[in-house]
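Where a number appears in this text, it was derived from the coordinates with a stated rule and is not lab data. Worth saying up front: this structure is predicted, and the values here are computed from it rather than measured. Because the Cβ atoms are built from the backbone with ideal geometry, glycine has one as well, and the counts that use them run over all protein chains shown.
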Amino acid sequence: MSDAGKPTAPPRPAGRAAMKKELPDHFKAYRHVWVFVEYEHGAIHPVSLELLGEGRKLADKLGAELAGVLLGEDRAALLPEIATVCEYGADLVYLVAQPILAHYRNEPFTRAMTDLVNTYKPEIVLLGATVLGRDLAGSVATTLQTGLTADCTELAIDDERSLAATRPTFGGSLLCTIHTLNYRPQMATVRPRVMPMPPRVPGRTGRVIEHPLDLREEDVVTKVLRFLPDRDSTKSQLAYADIVVAGGLGLRSPENLQLVRNLADVLGGDWGGSRPLVQKGWMSSDRQIGQTGKTIRPKLYIAAGISGAIQHRVGVEGADLIVAINTDPHAPIFDFAHIGIIADATEILPALTEAFRKRLTVNRLAG
Amino acid sequence: MHIVVCIKQVPDSAQIRVHPVTNTIMRQGVPTIVNPYDLFALEAALRLRDQFGATVTVLTMGPPMAEDTLRKALGFGADRGVLLTDRAFAGSDTLATSYSQAILRIGALWGAPEIVFTGKQTIDGDTAQVGPGIARRLGLNQVTYVAAITDLDTVAGTIALTRRAEGGVQELATRLPVLVTMLEGSNDVRRGSLPDVLRAARAEIQVWSAADAGIADMTKTGLRGSPTVVKRVFAPPARAEKAERVEVPGGSPNELAEALIGRIYAHKPALEADLLRTAAIGY
């Protein structure tokens, strides 16, 4: 009999990873999956809804419940948000409504979260890897003395009910899977757009558990003097664009980024670039696509002159259709693109722009 | 005033390569650099020293060769370098515990720091949790992603800062001692002056073992103390099918472009209508 059809045994993990897991007794009671719902300036951050979708899958696999954690100032204002959280998959919502939680501050938010965890004992806590979520996750994990895996690209439950959190490592050149063996809860952050937006189920409801917060304003050292909203909100739209065109070092000069912008304009999409372009100063970091930049999930992604390192790959894999233009037939981008052209991006981009312009303009006149 | 800056030596991630056959990391010959984000922290500390007067102690943890990192920081103008190096730290998943202990020891020797700086994150870990971890362990007020320090009153023990928040910036006031993680681009890192560079080459670096730093409980540091373990490191598998290649033998760029559009619409027929709708609104 041939071995060809047999699944190969995974390589034996070395050292401590091979250690037997024995969860201390006091952690065995920890059950259920939580998603921290980021609510600020009157709105839930989309990443929290994406995480509810992912948390739902983990909870179902565990046979556990999914809870959303909502922290905010005003109970009445939070009520519609509770409904939203349940419609996106939560079975229950833990609510802490106190004036002290009006604006995000590390101290009261950490206190509220750690109180909730110590009282209700979840086995998994997920947070968005936003500025707020990262700030909070770090101090909550440290206070609880548990493990935290940042910027995960994949979450799964292994055969022993433990969270297997996969994230890029070594500057995005490899992936690693991380476990929190002997501590609970298992905490992970996930960046916006890494997980798909789950469907909303109108009318789906859940329970609400309101929890007090024993903390007075005079006990909180840090005060928010002012909040100045960003004026240029267009910058943040790249992650949510339907069409994205991006350039890499294959463009050869910063001026050729204009070719990328031209195609994006004709397609009514947004544009970006790979990490080396930021490092070379060709464009600002808010245009960077990849693990340390934006994660995108467009309907069409055109990568021009991008080799496709893992740190870029994890940022674009959610795209419906990936088109790669590169002169190197062995470039890793052809391993995950759907359509590839082996050609010089600086020649194909203008031709593609013109071809699309003709098609889209002709039809407009005809219509 | 005493300021401690935590910095880290990292492999230059742009130069890490993966062996195409074995999928293992080829570390040999990869140069190391000071974590770029940490330089903004160091510069912020040096500016406060220039303005208000302070001693700046730079702390790093790593193998003995991480001493280079400290010499570089001294060359920029830092006053003192402490290297925490011990085989017991190998494999530690975050450095917060060890840094915290070392900062306590630094405080005992040269005065408790009013401000501890770190970078926003490291480029080799990207976790952004070492700073918050230090703040929690040492009971410091924590302000992350700081773009500017707008006011400092060492007598009253107050500090005002501007920090990046979701969808805007927050102006915060808090009390010392504080842990600040600096945002990239928050300042222009200085060039070291010639006297500083010369001093850095000769300066004595404090090299501490875990015991020197007062870390007695090794179960809380290094391999045994980390709550997380890496079970598997791997290269992601290629998709089952390679990219479908669009070729027009001897074709011009225009012909290739036409062929490509045809293939795109063949894959995703709905895209054509979407693009036309967008174009109709947009033009």
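Given the Cα atoms of chain A, and with Rh set as the inverse mean 1/r over their pairs in the Kirkwood sense, what is Rg to Rh to two decimals?
Details: Rg = 23.1 Å, Rh = 22.6 Å.
Taking Rg over the Kirkwood Rh, I get 1.02.
Each residue in A:187, A:197, A:113 was given a count of other beta-carbon atoms within 10 angstrom of its own, and listing them fewest first yields A:197, A:113, A:187. Placing a label point 7 Å from the Cα of residue B:241 along the Cα-to-Cβ line, the residues of the range A:269-305 whose backbone N sits under 20 Å from it are A:299-303. Just want the answer: with Cβ charges of +1 for Lys and Arg and -1 for Asp and Glu, which residue in A:183, A:292, A:113 is farthest toward the dipole's positive end in the protein assembly as shown? Checking the options against the dipole of the protein assembly as shown, the answer is A:183.
In plain terms, the residue of A:105, B:232 with the fewest other Cβ atoms within 10 Å comes first and the most crowded comes last, giving B:232, A:105. Computed from backbone phi, the HN-Hα couplings of the range A:218-231 come to 5, 8, 9, 6, 8, 10, 8, 7, 7, 10, 10, x, 4, 7 Hz, rounded to whole numbers (Karplus: 6.51 cos²θ - 1.76 cosθ + 1.60, θ = phi - 60°; Gly and Pro given as x). For residue A:224, the shell of other residues with beta-carbons less than 14 Å away shows a net charge of -2, using +1 for Lys and Arg and -1 for Asp and Glu.
Longer than 28 Å from Cα to Cα, which of A:121/A:223; A:28/A:61; A:223/A:294; A:61/B:231 are they? Say none if no pair is.
Values: A:121/A:223 30 Å; A:28/A:61 17 Å; A:223/A:294 31 Å; A:61/B:231 21 Å.
Distance filter (> 28 Å) returns A:121/A:223; A:223/A:294.
Taking label positions 7 Å along the Cα-Cβ direction at both residue A:226 and residue B:259, the computed distance is 5.9 nm, reported to one decimal.
To the nearest 20 Debye, how big is the dipole of the protein assembly as shown about its Cα centre, given +1 on the beta carbon of each Lys and Arg and -1 on that of each Asp and Glu?
On the way: 71 positive and 71 negative charges, 172 e Å.
I would put it at about 820 debye.
Quick check on the range A:22-219: take the gyration tensor over C-alpha atoms, sort the square-rooted eigenvalues as a ≥ b ≥ c, and tell me if it's rounded (a/c under 1.5), prolate or oblate. It is rounded, given that a/c, with a ≥ b ≥ c, falls under 1.5.
What separates the Cα centres of the range A:98-139 and the range B:27-49 is a distance of 30 Å. The aspartates and glutamates whose alpha-carbon is closer than 12 Å to the alpha-carbon of residue B:268, local same-chain residues fewer than 8 away aside, are A:320.
Classify the range B:238-283: rounded, prolate or oblate, from the alpha-carbon gyration tensor (a ≥ b ≥ c, eigenvalue square roots; a/c under 1.5 rounded; otherwise prolate if a/b is larger than b/c)?
On the way: a/c = 3.32, a/b = 1.42, b/c = 2.34.
It comes out oblate by the Cα gyration axes.
Neighbour counting of Cβ atoms within 10 Å sorts the residues B:176, A:71, A:238, fewest neighbours leading, into B:176, A:238, A:71. Dividing the helix sum by the residues of the protein assembly as shown, where each DSSP H run of 4 or more adds -39500 (n - 2.57), gives a mean residue ellipticity at 222 nm of -9500 deg cm²/dmol. Under the classification rounded if a/c is under 1.5, otherwise prolate if a/b is larger than b/c and oblate if not, where does the range A:212-309 fall, given a ≥ b ≥ c as square roots of the Cα gyration tensor eigenvalues? Cα axes put the range A:212-309 in the prolate bin. In whole Å, how far is the Cα centre of the range A:319-347 from that of the range B:251-270? Spelled out, the Cα-based centre of one part sits 13 Å from the other. Label separation (residue B:268 vs residue B:207): 5.7 nm, computed from points 7 Å beyond Cα along the C-beta direction.
If R0 is taken as 41 Å, the Cβ-Cβ distance between residue A:207 and residue A:176 corresponds to a FRET efficiency of 0.65. When the label point is put 7 Å from the Cα of residue A:79 along its Cα-to-beta-carbon vector, which residues of the range A:191-228 have a backbone N closer than 18 Å? Taking a point 7 Å out along Cα→Cβ of residue A:79, the residues of the range A:191-228 whose backbone N falls under 18 Å are A:203-211. Placing dummy labels 7 Å off each Cα toward the beta-carbon, the span from residue A:218 to residue A:285 is 4.1 nm.
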